[in-house]
Every structure is written in C-alpha cells, then in structure tokens.
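Inspection log for the structure reproduced underneath, given as structure tokens.
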Amino acid sequence: MKNLFTKSVIATLITGSLSLTSFSAMAVEQGDWLLRFGLANVSPNDGSSGVVATDTVGVDGDTQIFANATYMFKENIGFEVLAATPFSHDITLTGSGKIGETDHLPPTFSVQYHFNPKASTRPYIGAGINYTTFFNEKATAVITSLSLDDSIGLAVQAGVDIDINQDWFFNADVRYINIETTATTDLGNIEVDINPWVISLGVGTSF
C-alpha cells in the first residue's frame, strides 16, 4: 500500500500541470470552502534513543480515511484543518520483533498558498502545526508497560487539485510531519522520532 500511494502521488504531482478536462475550471475564490476526503498513508521515518541503542525501535505504517476542510480567506491563501480516523501502529525492537502497539490521531492546522486558483489544475503548498495524541498503548513483549507522550510539531505539505468536472476534483497531497514522543516503559524512557511522510489520495468539492 505504501509503494502504491507513493508512486501514484508522485506521478500525479509530476503531471499535475497537464489539464485532464476540457470543461470550464472550477475557479476557487475568496470565501470558498474546499472539502476533501480519501485515503492517507502514514509512513514513519523513525529513530530512537534512550534505554536501547539508537535506531533500534521502529514504528510501522498504516493507511486510514482522511478528511480536510480549507477556508479560502484570500484568493490564493487558505486555512486547512486535517482530520483522520485513528492510525494503528506496531512498535518493534531490533532482535525482539514487536514489543508494543498504539493508536494515534494527528490533527493538523496549516496555512496554504494556492498558485493558480482559477485553473482546472491547482497546485498548492502549505505549512502549519501538528498535534498528535497517542492512545490504546499496549506492551506485547520485552516490556510490560508502555505510555507515549503527545506531540506538537511542524508540518509542511505540497499537493494538487485537478478538476474531474464542475462539481468535483481529484486531490493528491504529500506531507512531512515532525512527530517526536517519549515512550515510558518499565525498563525506562525511550525517545522516539516518528517524523512520518503522510501521502494521501482523494476527491473534493467546493462551495
């Protein structure tokens, strides 16, 4: 699933300058709302330090449903709120396999710049703040207790909306999110850098 998402999004971003339609563009204007939903894959770029050797703790990826809303308070500038259904991750330790599991929610708030809001293909970039909360932590081996601190970090993104018709558009988006947490265990604390790439594909509409 990770490779499929990665290849699909990269291909879309590279070819995003090509119009897929011959109808009038869904022009985005000041005061519009953009609603998007689809599938998002979280792919951690993980590392660790603490009671175990550096880089021996890993976090696997997951794919879930996402939804976001962008309010265009200027023709080119929007404010976006991103939400998703909970992501679930296995936590592994080199040489020991799976040692725990957790769920998390990563609401993200971003300011976006839309380069060509009147066209049928509309690339954008954004930057903002991510708040990640962890829950349902469970120790499964080696350790007997596990708790993960919530995280606040920066997030950046690049994406494109491509009109399907005058009511709907296709969306592809790539984000990098700074997520760093402290894992408290019965063996001591582990500093875990998750720092995932979040790759999403979906559809959207405006009103």
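What follows draws every value from the coordinates through simple rules; no lab data is involved. Since we're looking at a predicted model, the values are computed, not measured. Note: ideal-geometry Cβ built from the backbone for every residue, glycine included; neighbour counts use all protein chains shown.
Taking 0.36 nm per intervening residue step and subtracting the Cα-Cα distance, what contour gain separates Phe115 from Asp186 on full extension?
20.5 nm
Among the GluC sites (Glu not before Pro) in the stretch 75-106, which ones are in a DSSP loop with at most 16 other Cβ atoms within 10 Å of the Cβ? Mind listing them?
Glu75
Using a Förster distance of 22 angstrom, determine the FRET efficiency expected from the C-beta separation of Leu105 and Leu39, and round it to 0.05.
The calculated FRET efficiency here is 0.85.
Please list, in order along the stretch 94-100, the HN-Hα scalar couplings obtained from phi with the Karplus expression 6.51 cos²θ - 1.76 cosθ + 1.60 (θ = phi - 60°), rounded to whole Hz, x for Gly and Pro.
My calculation for the stretch 94-100 gives 4, x, 10, x, 6, 10, x Hz in order.
Could you compute the net charge surrounding Leu34? Neighbours are other residues with a C-beta less than 15 Å from the C-beta of Leu34; K and R count +1, D and E count -1.
-4
With the calculation restricted to Cα positions, what are the radius of gyration and Dmax of the stretch 48-207 in angstrom?
18.4, 58
Stretch Ile129-Thr85 to full length: gain in nm at 0.36 nm per residue minus the Cα-Cα span?
Between Ile129 and Thr85, full extension yields 14.0 nm more.
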